[in-house]
1. Give me, ordered by chain and number, the residues 5 or more places off I78 or on other chains with an amide H under 5 Å from its own placed amide H.
2. Within the chain, which DSSP H helices have Cα atoms that stretch 30 Å or more along the helix axis and a mean Kyte-Doolittle hydropathy of at least 0.0?
3. Enumerate lysine pairs in region 3-178 that are 8 or more residues apart or on different chains, then count those whose Cα atoms are under 20 Å apart.
4. Could you compute the FRET efficiency for L62 and K127, with r as their C-beta to C-beta distance and R0 at 30 Å, rounded to 0.05?
5. Please report V42, V167 as a ranked list, fewest other C-beta atoms within 10 angstrom at the top and most at the bottom.
6. What does the convex hull of the Cα atoms of the chain come to per residue, in Å³, rounded to a whole number?
Amino acid sequence: MNSAQQVFSHPLVYLRKINSEDAIFLLTLNGNPEVMKYTGEVPWRTLREAENFIEQNHKLSLQGIERWLVCTPDDVPIGLAGFRIFDDLPEQWDISFRFLPQFWNQGYAFITVQILTHHALYKCRQKKLRAQVHEENLASARVLEKCGYQLDHRFLWGGKSWRCYYVKPEDFQALPELQAD
Ligand SMILES: CC(C)(COP(=O)(O)OP(=O)(O)OC[C@H]1O[C@@H](n2cnc3c(N)ncnc32)[C@H](O)[C@@H]1OP(=O)(O)O)[C@@H](O)C(=O)NCCC(=O)NCCS
């Protein structure tokens, strides 16, 4: 991988821009019911859904809101992560991350959340970053809590219970290499 394409790099993973050639990977990821179980989204079935996402992601990136592909240092795509905004909270950045099951429990979400939280709070100067987590998604809650995200409240959505977390600069449990500059 040309290092110029790496938006965020770390010895364990790098994040890069999504392009039209990533549609098949995105369909594999978001078409997997195990991956989508706690996201509140319906698993994708067609390549067209992946292509629409890529198009939408590009449009949002022009406003600074973007999701990237997470890859291992040897260029294997393993997940999707970045920021999104919800219509009812238009000013509030929300962190999003998901990985193929064969890469779970190897610390990839933890390091990705570290990288993105550092970027949002210290580079983009967001006052706080939000995360919403399905009540039963214990792995996701664990990752966020290890990074210093604080449970703010619970809410019902789509008939399920969700946790709303926020992290502020003073709460962020940043790794030494991801401290504020
Ligand atoms: C949730 C998810 C992102 C976690 O990714 P990951 O790369 O496996 O996470 P990490 O390896 O960095 O850390 C997982 C942590 O959760 C813990 N964990 C895993 N399964 C758990 C469970 N069932 N109960 C409690 N803790 C659990 C692990 O032990 C680890 O904690 P530790 O480092 O203290 O041991 C991944 O499972 C995933 O992509 N799921 C599908 C999509 C999704 O739910 N995304 C999040 C939406 S908010």
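Throughout, read-outs are computed from the coordinates displayed, never taken from laboratory work. This is a predicted model, so every value here is computed, not measured. Cβ sites come from the backbone with ideal geometry, for glycine too, and all protein chains shown count toward neighbours.
1. Placed amide hydrogens put V70, C71, T72 under 5 Å from I78.
2. Result, helices passing both filters: zero.
3. 9
4. Computed FRET efficiency for L62 and K127: 0.85.
5. Ascending number of Cβ neighbours within 10 Å: V42, V167.
6. 123
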